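So the structure is just underneath, and the comments pick up after that.
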Amino acid sequence: MSMNNQGRPTTPTSGAGEAMETNVKTFTGNKALMIEEALSFEVGDLSGSGVDLPELSGQYDRLGGVNRNETIGLPGLSEPEAMRHFVRLSQKNYAIDMGPFPLGSCTMKHNPRLNEKVARLPGFADLHPLAPESAAQGALELIDTLAFWLKELTGMPAVAMSPKAGAHGELCGMMAIKAALEARGEADRRVRVLAPESAHGTNPATAVQCGFKVEAIPGDGTGRVDLEALKEKLGDDVAGIMVTNPNTCGLFERDIRAIADAVHDAGGYFYCDGANFNAIAGKVKPGDLGVDAMHINLHKTFSTPHGGGGPGAGPTVLSEALAPFAPLPYVSCEDGKYSLVETLHHAEAEDGGDTLGRLTAFHGQMGMFVRALSYMMSHGRDGLKQASEDAVLNANYVLARLKSEMTPSFEGPCMHEALFDDRFLKDTGVETIDFAKAMIDEGYHPMTMYFPLVVHGAMLIEPTESESKRELDLFCDALLSLAKRAKAGETESFKAAPVYAPRRRLDETAAARHPVLRWTPPQTAQAAE
Amino acid sequence: MSVKYSQDHEWVKADGDVCTIGISAHAAEQLGDVVFVELPDTGKTFAKGDDMAVVESVKAASDVYAPISGEIVEVNSAIVDEPAKVNEDPQGAAWFVKIKMSNASELDALMDEAAYKDFAGQS
């Protein structure tokens with residue numbers, strides 16, 4: 001036969017691939033497309049630069065003699081080097097665009113491409129924050145329209161648009177509460193803020209930042225606030241409470257109206273952490289629950305991106321009582337002409353003289369406003385309601401399917417996230433962290449671990465409405481199989497996980513105790529030894 | 001005098017009116033590898049239940065509460081420099097602070113070894 005005269009084998013070399021997979025060490029350290037990427041400092045050269053800048057002409061500058069004399073030590077990468085470096089790193093990264101991201105309380109839902117398309121329209125994308133108001137009427141109208149819908153969905157009379165993250169929104173709300181107490185002349189007396197044991201860590205941190213003293217409200221054993229215990233803690237020195245609803249156990253606080261009434265009767269304010277608004281948007285209006293202030297994470301509920309740390313956006317809705325203290329700047333509209341109220345002087349003229357002042361340099365996260373409004377308008381009132389319902393349905397599906405092998409911490413049904421603890425791992429030697437690391441080998445980003453703190457070895461799963469039944473089934477099957485393997489005594493394989501990740505188990509303890517935060521050039525490092 | 005324990009997992013050992021205070025072996029084990037400790041300044045006074053120190057592990061950051069009221073007379077800065085000691089010897093060399101008690105009767109409300117063992121077993 002002379003059919004294959006190039007010498008190319010027509011049958012794969014049998015079995016070799018499997019056996020050699022773990023044995024071959026490549027010269028480069030790369031594993032095909034999995035590139036062993038060096039630090040940018042090691043790729044580039046400190047002495048070089050990727051750009052050619054012309055020599056400065058003339059002697060004049062306005063730096064007043066504080067010009068830098070030394071080099072700043074940036075790696076000198078060329079454009080292709082810099083681009084490849086970051087693309088290679090990004091390929092090692094897990095992202096919502098790659099697969100389910102079940103981090104509880106983080107709401108990693110799909111970020112629709114339509115949002116991106118709209119945000120890139122030149123009229124929004126290229127607008128400078130210092131552009132004159134006459135040239136920014138469309139952008140101001142967009143902020144105002146988004147503000148209208150946020151107020152509509154929450155049933156609240158006012159909203160501060162400028163906070164740039166959930167915790168920043170908390171700060172805004174708590175500063176408004178402080179300002180209101182000062183206006184009442186009670187700021188010196190009302191120094192205590194109550195927060196449940198299951199609260200997000202940012203709640204007590206925010207209260208302390210505002211000068212309050214935080215006290216924990218005990219749980220009632222079903223994962224909710226103990227109303228009677230709360231009432232006992234109330235008094236004329238309480239500034240307010242901070243409660244998340246639905247809470248971090250994935251449960252709706254059934255007594256929320258009674259909680260709000262009790263706090264109001266005691267003269268305090270009710271801050272609601274709106275991180276989990278995505279479970280109730282279109283279903284429940286926080287204004288009807290007696291809330292005085294609540295931040296809304298646009299990067300959660302309204303699908304703007306937040307992988308990799310942001311940018312977040314945390315507009316904060318305020319009740320009638322707190323509205324006068326809203327921060328600057330805010331958008332005002334008269335005869336169809338929009339303007340930004342940016343100064344105290346202007347605010348006084350607009351009857352807003354009680355404002356707590358300016359919270360941010362500019363007007364908020366404009367790019368996120370565009371995306372959030374795009375999400376709202378493309379979903380519509382009924383679509384937003386359905387998104388909330390589907391998020392809750394998906395979480396309950398996961399809860400129901402995993403019940404057979406894993407241990408839910410509280411009786412269902414849950415809201416948008418399902419909370420499990422480590423009782424099902426008892427006596428297996430496998431801990432929550434080992435279970436999470438094994439999920440990495442299965443191709444999943446782990447769920448939230450060890451939070452909330454009110455259950456032991458917590459695993460908090462939030463599937464969001466983005467996942468199909470097929471995707472949820474695959475995810476649940478993978479977790480059930482892991483749970484069975486743990487119970488069958490495969491402890492060692494869990495302790496060794498992750499096996500297939502670019503880096504195996506990291507030594508978090510050493511990293512925390514001896515952090516290396518600064519890169520030093522090899523010759524300096526050698527000289528120091 | 002024997003060691004007594006609070007419900008927040010601090011241990012107290014009184015010697016005259018000065019008490020040595022630390023976190024229990026059970027607490028240290030639950031925290032996991034301790035990576036950071038923050039202690040109060042000497043001379044500071046605390047009421048029972050005030051947060052007095054911070055201990056942070058790879059799993060969680062926790063407040064350490066004053067199990068009794070009084071004034072800080074000495075702190076163990078060795079555990080600030082080397083937080084790992086808290087895991088190695090939580091009820092010995094890795095004590096946190098010494099407090100001069102202002103109300104010795106507060107000791108009566110604390111648990112003895114056996115009662116704490118029962119308590120920690122449940123929690």
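The values are calculated or read from the model by the stated rules, or taken from the named source; none is laboratory data. As the structure is a computational prediction, the values presented were derived from the model and not from experiment. Neighbour counts are summed over all protein chains in view; Cβ atoms, including those assigned to glycine, are modelled from backbone coordinates with ideal geometry. Surface areas here come from the heavy atoms of the whole protein model, side chains and all, with no ligands, DNA or RNA. Shrake-Rupley method; radii C 1.70, N 1.55, O 1.52, S 1.80 Å.
Descriptive notes on the structure:
- Subset of the stretch A:69-107 [open to solvent by 30 Å² or more (accessible area, probe 1.4 Å), assigned to a loop (DSSP other than H, G, I, E, B) and under 29 Å from A:Pro463 (Cα atoms)]: A:Lys92, A:Asn93, A:Tyr94, A:Ala95, A:Ile96, A:Asp97, A:Met98, A:Cys106
- Among (1) outside the structural domain of A:Asp288 (by TED's automatic domain parsing); (2) over 30 Å from A:Thr206 (Cα atoms); (3) in contact with a Gly (Cβ under 9 Å, 6 or more places away or on another chain) - the single one A:Gly138 does not satisfy: (1)
- Extreme residue, farthest from the other protein chains (Cβ to nearest Cβ), among residues of the stretch B:78-113 that are under 14 Å from B:Gly22 (Cβ atoms) and without any contact (Cβ under 8 Å) to a residue 40 or more places away in the chain: B:Gly92
- The set of residues in the stretch B:38-59 being within 13 Å of another protein chain (Cβ to nearest Cβ), out of contact with any strand residue (DSSP E or B) (no Cβ under 6 Å at 6 or more places or on another chain) and small (Gly, Ala, Ser) consists of B:Ala47 alone.
- Test: residue in the stretch A:337-351 that is in the same structural domain as A:Val284 (by TED's automatic domain parsing), touching an Asp or Glu at 6+ places or on another chain (Cβ under 7 Å) and not hydroxyl-bearing (Ser, Thr, Tyr): yes
- The set of residues in the stretch A:147-197 that are hydrophobic (A, V, I, L, M, F, W, C), under 12 Å from A:Ala293 (Cβ atoms) and open to solvent by less than 60 Å² (accessible area, probe 1.4 Å) comprises A:Met156, A:Ala158, A:Val159, A:Ala160, A:Leu171, A:Cys172, A:Met174, A:Ala176, A:Ile177, A:Ala179, A:Ala180.
- In the stretch A:474-509, the residues that are in contact with a strand residue (DSSP E or B) (Cβ under 9 Å, 6 or more places away or on another chain) and within 14 Å of chain B (Cβ to nearest Cβ): A:Glu508, A:Thr509
- Breaking point among (1) closer than 28 Å to A:Arg505 by Cα; (2) part of a strand (DSSP E or B); (3) modelled with pLDDT under 95, for B:Glu29: (2)
- The requirement of being open to solvent by less than 50 Å² (accessible area, probe 1.4 Å) and on the phi > 0 side of the Ramachandran plot is not satisfied by B:Gly22.
- Some residue of the stretch A:284-293 being open to solvent by 20 Å² or more (accessible area, probe 1.4 Å), within 30 Å of A:Glu411 (Cα to Cα) and part of a loop (DSSP other than H, G, I, E, B): yes
- Test for B:Ala27: is it open to solvent by less than 30 Å² (accessible area, probe 1.4 Å), touching a residue at least 60 places away in the same chain (Cβ under 8 Å) and farther than 22 Å from A:Ala216 by Cβ: no
- Which numbered condition A:Pro311 misses (of (1) more than 16 Å from the chain's Cα centre (by Cα); (2) surrounded by fewer than 20 Cβ atoms within 10 Å (Cβ to Cβ)): (1)
- Qualifying residue in the stretch A:455-462 (condition: open to solvent by 40 Å² or more (accessible area, probe 1.4 Å), out of contact with any Cys (no Cβ under 7 Å at 6 or more places or on another chain) and either within 13 Å of chain B (Cβ to nearest Cβ) or of a type in the set (Asp, Glu) (or both)): yes
- Taking the stretch A:143-192 as the range and being touching a residue at least 60 places away in the same chain (Cβ under 8 Å) and more than 21 Å from A:Arg358 (Cβ to Cβ) as the test, the residues that pass are A:Thr145, A:Trp149, A:Lys151, A:Leu153, A:Thr154, A:Gly155, A:Met156, A:Pro157, A:Glu186, A:Arg190.
- Matching option when the condition is closer than 30 Å to A:Pro246 by Cβ and open to solvent by 80 Å² or more (accessible area, probe 1.4 Å), among A:Lys495, A:Lys469: A:Lys469
- Scan of the stretch A:159-206 for residues that are under 18 Å from A:Gly267 (Cβ atoms) and part of a loop (DSSP other than H, G, I, E, B), ordered by number: A:Gly185, A:Glu186, A:Ala187, A:Asp188, A:Arg189, A:Arg190, A:Val191
- All conditions in (1) open to solvent by 60 Å² or more (accessible area, probe 1.4 Å); (2) in a loop (DSSP other than H, G, I, E, B); (3) free of Cβ contacts under 8 Å to residues at least 40 places away in the same chain; (4) more than 20 Å from A:Phe277 (Cβ to Cβ) hold for A:Ser404, with the sole exception of (3).
- B:Lys59 in a loop (DSSP other than H, G, I, E, B), over 15 Å from B:Ser6 (Cα atoms) and open to solvent by 70 Å² or more (accessible area, probe 1.4 Å): yes
- Sole residue being touching a Ser or Thr at 6+ places or on another chain (Cβ under 9 Å), among the acidic types (Asp, Glu), in the same structural domain as A:Leu402 (by TED's automatic domain parsing) and closer than 24 Å to B:Ala60 by Cα, chosen from A:Asp421, A:Asp427: A:Asp421
- Filter result for the condition that a residue is more than 16 Å from A:Asp144 (Cβ to Cβ), touching a residue at least 60 places away in the same chain (Cβ under 8 Å) and touching a strand residue (DSSP E or B) at 6+ places or on another chain (Cβ under 7 Å), over A:Asn297, A:Asn276: A:Asn276
- Taken together, B:Glu74, B:Glu88, B:Glu82 contain a single residue that is among the charged types (D, E, K, R) and over 17 Å from B:Leu31 (Cβ atoms), which is B:Glu74.
- Residue identified as surrounded by 14 or more Cβ atoms within 10 Å (Cβ to Cβ) and not in a helix (DSSP H, G or I) among A:Gly211, A:Gly235, A:Gly240: A:Gly240
- Test result for A:Lys484, open to solvent by 50 Å² or more (accessible area, probe 1.4 Å), within 24 Å of A:Ser409 (Cβ to Cβ) and charged (D, E, K, R): yes
- Condition check for A:Met377: in a helix (DSSP H, G or I), within 20 Å of the chain's Cα centre (by Cα) and more than 14 Å from chain B (Cβ to nearest Cβ): no
- Some residue of the stretch A:422-442 being without any contact (Cβ under 8 Å) to a residue 40 or more places away in the chain, within 15 Å of A:Leu472 (Cβ to Cβ) and open to solvent by 20 Å² or more (accessible area, probe 1.4 Å): no
- For A:Ala32, the conditions (1) open to solvent by less than 70 Å² (accessible area, probe 1.4 Å); (2) free of Cβ contacts under 8 Å to residues at least 40 places away in the same chain; (3) under 37 Å from the mean Cα position of the chain (by Cα) all hold with the exception of (1).
- Filter pass, B:Glu71 being among the charged types (D, E, K, R), open to solvent by 30 Å² or more (accessible area, probe 1.4 Å), part of a strand (DSSP E or B) and within 14 Å of B:Thr20 (Cα to Cα): yes
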